Amino acid sequence: MSTVASVRLGEPERSAGNVVRADDPSRGGRVLLIEDEAGIADFVRRGLEGEGLLVQAAADGIEGERLALEGGFDAVVLDLMLPGRPGLEILGRLHSEKPSLPVIVLTARGEVEDRVAGLDAGAVDYLVKPFSLAELLARVRAHLRVSARSHPSTLKAADIELDLITRKVRRAGRTIALSPTEFELLSYLVHHRGEVVSREQMLGAVWGYEHDPATNVVDVYIGYLRRKLGLRGDPAPIFTVRSVGYRLGETS
C-alpha cells in the first residue's frame, strides 16, 4: 500500500472497494485540516473532497484553533508540529471546550509516548507519517459515522429544515431546491443560527478563501438564498447586519 513520505502530488489513491454510498452519513461532513506542509495539506484535502466532504484548511496552530473553536466542523485532522501553537495544546483545548468533536492526529511523531500523549490529550485516532491516504480516509469516515449516530441528521432554524444526509431543504413544509454551494452556505448559517457571522467567516467556511475584499460572492449567494427561501409575504429570515455580515433567525 502506498504511503505519503513528504510531498506527494498526483491523484489520491483509491482502492477498488473504496466506494462511499450516497446515503452514508459520513458524506457531506465538514472537516477542518490543520497542516503546515503545503504538499501534504493539498494531497489530503483532495482526498477528503473526493469523499464528498467539505474541507477547510489552516496552515498554523493559531488559525487552526480559532477555526475549530468557531464551530461548524464534524471532524478535525490535526498535525502536532505546527507553527504558532503546538498541536497538543490545541488538542487539550478542544477536548475541554468541544469534547464531542472528533480529532484525528496526523503527525511524524510516532514514538509510543507520543501516541499515548496524543490520545490522552483527547485525540480519537492517531496516524503516523508516512501514512496511507486510503486508511486516513477510512478512519475519517468511521469517526464521522459514529458522530452522526450521536447527533441529529436534521437541523432546524426558524421554519427552515435541513437534512444533512439527503441534503434536502424544506421551509414551512415546502421543498426548496438548492445548488451544492447554496446548501453549504445555508448549512453554515443554520449551524450558527442566531449569531452574526461575517463575510470573511463564510468565505473561509464555504469557499475556502482567505480575506478578499474584492469579492462579493457571499452577498451574491445570500441573494440567491433569500430568493429561493422567500415565501409570498414572508421573506427568508436572513438578516443583514450592516458593516459586519448576516444573521439567520426568526426576527430582525
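Descriptive notes on the structure:
- Pairs linking a residue in the stretch 185-205 that is outside the structural domain of PHE73 (by TED's automatic domain parsing) to a residue that is polar (S, T, N, Q), with Cβ atoms under 9 Å and 6 or more positions apart or on different chains, are TYR188/GLN201; HIS192/GLN201; ARG199/THR215; ARG199/ASN216; LEU203/THR215; GLY204/GLN56; ALA205/GLN56.
- For the stretch 90-122, filtering for residues that are of a type in the set (D, E, K, R) and either touching a helix residue (DSSP H, G or I) at 6+ places or on another chain (Cβ under 8 Å) or surrounded by 16 or more Cβ atoms within 10 Å (Cβ to Cβ) (or both) leaves 6.
- In the stretch 230-252, the residues that are without any contact (Cβ under 8 Å) to a residue 24 or more places away in the chain, under 19 Å from ASN216 (Cβ atoms) and not small (Gly, Ala, Ser): PHE239, THR240, ARG242
- Of all residues in the stretch 208-228, those being in contact (Cβ under 8 Å) with a residue 12 or more places away in the chain and within 22 Å of VAL169 (Cα to Cα) number 9.
- The set of residues in the stretch 154-165 that are touching a strand residue (DSSP E or B) at 6+ places or on another chain (Cβ under 7 Å), farther than 20 Å from GLU70 by Cα and assigned to a loop (DSSP other than H, G, I, E, B) contains only ASP159.
- Tallying residues that are under 20 Å from ASP36 (Cα atoms), aliphatic (A, V, I, L, M) and part of a loop (DSSP other than H, G, I, E, B) within the stretch 66-103 yields 3.
- Search result, residues across the stretch 64-89 that are of a type outside the set (A, V, I, L, M) and either crowded, with 18+ Cβ neighbours inside 10 Å or outside the structural domain of VAL103 (by TED's automatic domain parsing) (or both): GLY64, GLU65, GLY72, PHE73, ASP74, ASP79, GLY87
Let's see how each residue does on (1) modelled with pLDDT under 90; (2) under 24 Å from the mean Cα position of the chain (by Cα); (3) surrounded by 15 or more Cβ atoms within 10 Å (Cβ to Cβ):
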{"site": "GLN201", "(1), (2), (3)": "yes, yes, yes"}
{"site": "ASP212", "(1), (2), (3)": "yes, yes, no"}
{"site": "ASP219", "(1), (2), (3)": "no, yes, no"}
{"site": "LYS228", "(1), (2), (3)": "no, no, yes"}
{"site": "ASP234", "(1), (2), (3)": "yes, no, no"}
{"site": "VAL241", "(1), (2), (3)": "no, no, no"}
{"site": "SER252", "(1), (2), (3)": "yes, no, no"}
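- Restricted to the stretch 29-58, and to residues there that are among the aliphatic types (A, V, I, L, M) and part of a helix (DSSP H, G or I), the residue that is nearest to the chain's Cα centre (by Cα) is LEU48.
To keep it simple, each residue is scored yes or no on (1) in contact with an Asp or Glu (Cβ under 8 Å, 6 or more places away or on another chain); (2) touching a residue at least 60 places away in the same chain (Cβ under 8 Å); (3) among the β-branched types (Val, Ile, Thr); (4) within 24 Å of HIS192 (Cα to Cα).
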| position | (1), (2), (3), (4) |
| --- | --- |
| LEU67 | no, yes, no, yes |
| GLU70 | no, yes, no, yes |
| PHE73 | no, no, no, yes |
| VAL77 | yes, yes, yes, yes |
| LEU82 | yes, no, no, no |
| PRO86 | no, no, no, no |
| LYS98 | no, no, no, yes |
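- When VAL7 is tested against (1) over 27 Å from LEU164 (Cβ atoms); (2) modelled with pLDDT of 95 or more, exactly one condition is not met: (2).
The values are calculated or read from the model by the stated rules, or taken from the named source; none is laboratory data. The model shown is predicted, which means the values in this text are computed figures rather than measured ones. With ideal geometry, Cβ positions are generated from the backbone for all residues, glycine too; neighbour counts draw on all protein chains shown.
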